[in-house]
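*Asks:* Below are the structure tokens for one structure; questions will follow.
The values are calculated or read from the model by the stated rules, or taken from the named source; none is laboratory data. Note that the structure is predicted; figures quoted are calculated from it, not measured. Here the Cβ positions follow ideal geometry from the backbone for every residue, glycine too, while neighbour counts run over all protein chains shown.
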Amino acid sequence: MNLKNITRLLFLVLLAAILTVSCASRRPVVIPDDLTAMELIQRGQAASDKNRYRISLQYYQAVIERFPFDIDNICAAEYEIAFIHYKQKKYDIAKIEFNDLLERYNTPDEELLPPQFKILSQKILGRIAEIEKRRNKTDGP
């Protein structure tokens, strides 16, 4: 083999390796069926702490799908999903999600819901409003 062929071969091997890693990181995580809601939330938080947001979102979504009547953990999962979008600076999505969560608190059953997610959602919505206000000042005429 000449140098040109070796260079091409190395390039192809490198490209194949990059594509393999890229495709593997896009696959959904396999979430065991026997995990409790709390275990799913803990795994979601662990993934989020490592900035593995895609995986974290899958764990939180699993809480919502697997435990539809566990309102405390549903609120926690919905809050965490919105917070991830906030951390990713996806403010439009985060605002919708935080406001949807806050709608849960606009019912007679509000006293049955965990209060911390209402308080935290309101605080983050305030931060988003400040960010948007600063942006509008710099984008102005």
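*Asks:* Take residues that are surrounded by 18 or more Cβ atoms within 10 Å (Cβ to Cβ) and within 10 Å of the chain's Cα centre (by Cα) and tell me which of the helices (runs of 4 or more DSSP H) falling wholly in the stretch 45-141 contain 2 or more.
*Replies:* Helices (runs of 4 or more DSSP H) meeting the threshold: 53-66, 71-87.
*Asks:* Sort out which residues of the stretch 1-44 are surrounded by 10 or more Cβ atoms within 10 Å (Cβ to Cβ), modelled with pLDDT of 65 or more and farther than 20 Å from residue 84 by Cα, and write them in order of number.
*Replies:* Across the stretch 1-44, the qualifying residues are 35, 36.
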